[in-house]
Amino acid sequence: MWTSAPLRLLLITLIGGALRLWQLGSWSFWQDEVLTFFDARQFSLAHFQINPIPYLAVKVSMAISGPNEFGARLIPALVGILTIPLTYLLGKVIYNQRVGMWSAGFLSVCHWHLFWSQNARSYIFTCFFAALTAICFFQAIEKKQVRWAILSLVSVSLLIMSHILAGVMMGSLVAYVVYLFFTERKQLTLDRWKVYTIFFSPFALSTTLLIWPYFRQYLFSGWGHNEWNRSLIYIMMTLVYGLSLPVAVTALLAVLARPISRDKVFLLCYCGVPLVFFSISSFFLNVAGYYLFFTLPGYVVLAAWICDQIWITQSKLLFRLALPSVIVLTLVSQVYLYFQLEHGGRPRWKAAFETIQTQFQAEDRLVSSLTEMSDFYLPSAKSLKIEPIKMPDSLPAGRTWFVVDNDRFNVFDPTYDFRQRLQQRARLVASFPAVIRFKDRKIDLYLLE
């Protein structure tokens with residue numbers, strides 16, 4: 001029954017869908033999510049955001065399912081589920097059906113994709129629209145059809161409106177076209193020129209907007225100095241951890257393997273140009289490793305291609321399935337850690353505020369590094385912004401709760417001076433440990449009386 005491709009793809013999608021909906025509303029918001037929650041509630045033409053797609057999606061999602069964690073994440077989770085068959089199409093269009101099936105299977109149990117699917121943020125939308133753009137643009141070049149060029153133009157526009165920095169993918173497509181120009185000049189027919197003109201002309205014209213100061217400010221808002229100490233090594237480790245080591249190594253083998261076909265060059269441009277761009281940018285700007293998340297489908301298809309090459313060249317089933325089994329087992333083990341130990345990849349803000357609520361008194365004050373978190377989980381509290389230099393000595397008499405999320409405190413309290421003063425004066429009520437990506441994301445809860 002499950003031997004036909006549509007049924008196998010359906011089974012893979014159902015498995016991925018079950019994982020993405022499981023405990024969707026159980027995980028705590030994390031800092032960027034809670035900010036998105038409040039911004040999405042206010043989103044309108046009067047309160048427009050630089051990346052409108054995710055804010056609009058979260059706003060609609062909450063209108064459907066309620067103003068809570070599940071409601072904010074429902075539409076992103078559905079988009080994450082749809083990305084699984086879309087990645088199948090990407091592998092099938094570029095290579096063949098078997099590559100597409102491997103790609104969908106790997107993505108369905110990829111913990112990085114799972115995390116962003118269960119997240120009220122923009123990145124799952126970039127992954128979806130990047131894969132869709134890749135499919136449409138590749139088809140436009142191969143088939144030399146205007147309709148595919150229009151579809152790819154619409155898709156890349158939605159990609160940029162999901163997260164403006166994902167517009168780096170335009171550089172990937174330009175790099176691929178330059179490669180074709182030097183290697184396949186005889187294929188540069190009138191039909192292909194039409195494809196190029198329809199796709200690239202709007203973006204060429206839009207560069208004239210750079211002379212408008214307001215547009216430049218809008219374009220580059222969100223970039224800042226690297227106060228979180230992110231480095232090139234951090235970006236690479238985030239990428240490798242997100243892909244999993246077997247997928248990352250297998251994708252690298254695909255890069256080095258022969259032949260260097262135009263199909264592979266397309267995927268190398270898809271993955272490589274953003275990697276180079278953000279790696280260089282990381283030396284002077286605040287670049288997060290997850291900015292590269294939209295390139296995930298490209299890496300997955302490269303790894304699937306190696307699996308397909310082994311399948312073709314090996315006759316014994318054991319050898320054919322060895323590498324895919326290692327990849328799947330590794331990905332599944334990371335999914336297990338995600339659900340069982342990492343608390344959905346988020347610090348345990350929700351648990352901390354639930355503990356406060358059981359002992360909270362009407363006149364209590366609450367201090368945290370993120371007042372929006374207390375506004376969501378405990379809106380009745382008198383929230384104060386943390387002042388590491390003055391607190392806790394500057395506080396008047398009365399009860400004050402301190403929510404100390406060590407990851408953020410390490411930025412503005414690197415010498416532990418504030419935390420040492422707090423430990424001397426306040427009582428430790430509870431600790432909420434969480435180790436995420438081998439990093440301590442523990443939250444300590446203190447009460448100063």
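Which of the residues belonging to the stretch 247-305 are in a loop (DSSP other than H, G, I, E, B), small (Gly, Ala, Ser) and closer than 20 Å to Ala175 by Cα?
Applying the first criterion (in a loop (DSSP other than H, G, I, E, B)) to the stretch 247-305 yields 257-261, 282-288.
When the remaining residues are screened for being small (Gly, Ala, Ser), the result is 257, 261, 282, 288.
Selection gives Ser261 alone.
Against the condition surrounded by 16 or more Cβ atoms within 10 Å (Cβ to Cβ) and touching a Leu at 6+ places or on another chain (Cβ under 6 Å), how does Ser368 come out, does it pass?
Values: surrounded by 16 or more Cβ atoms within 10 Å (Cβ to Cβ): yes; touching a Leu at 6+ places or on another chain (Cβ under 6 Å): no.
No; evaluated as a whole, the condition is false for this residue.
Residue-by-condition table, conditions (1) surrounded by 15 or more Cβ atoms within 10 Å (Cβ to Cβ); (2) not charged (D, E, K, R):
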residue	(1), (2)
Gly25	yes, yes
Ser28	yes, yes
Thr36	yes, yes
Leu45	no, yes
Asn51	yes, yes
Leu56	yes, yes
Lys59	yes, no
Ser65	yes, yes
Gly71	yes, yes
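Would you be able to say whether some residue in the stretch 310-320 is part of a helix (DSSP H, G or I), of a type in the set (Phe, Trp, Tyr), out of contact with any Lys or Arg (no Cβ under 7 Å at 6 or more places or on another chain) and under 16 Å from Tyr241 (Cβ atoms)?
As a first pass, look at the stretch 310-320 and keep what is part of a helix (DSSP H, G or I): 310-313, 317-320.
Narrowing further to those that are of a type in the set (Phe, Trp, Tyr): 311, 319.
Adding the requirement that they be out of contact with any Lys or Arg (no Cβ under 7 Å at 6 or more places or on another chain) leaves 319.
Those left that are additionally under 16 Å from Tyr241 (Cβ atoms): none.
No, the stretch 310-320 contains no residue that is part of a helix (DSSP H, G or I), of a type in the set (Phe, Trp, Tyr), out of contact with any Lys or Arg (no Cβ under 7 Å at 6 or more places or on another chain) and under 16 Å from Tyr241 (Cβ atoms).
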The stretch 252-280, subset in contact with a helix residue (DSSP H, G or I) (Cβ under 9 Å, 6 or more places away or on another chain) and hydroxyl-bearing (Ser, Thr, Tyr), residue nearest to Ser103 (Cα to Cα): Tyr270
Return the residue satisfying two criteria in turn: it lies in the stretch 329-345 and is crowded, with 19+ Cβ neighbours inside 10 Å and out of contact with any helix residue (DSSP H, G or I) (no Cβ under 8 Å at 6 or more places or on another chain), and of such residues it is nearest to Thr400 (Cα to Cα). His343
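Read-outs throughout are calculated quantities, based only on the coordinates presented, and are distinct from any laboratory measurement. Just so we're clear, the structure is a prediction, and the values are computed from it rather than from any experiment. Virtual Cβ from ideal backbone geometry, glycine too; neighbours counted across all protein chains shown.
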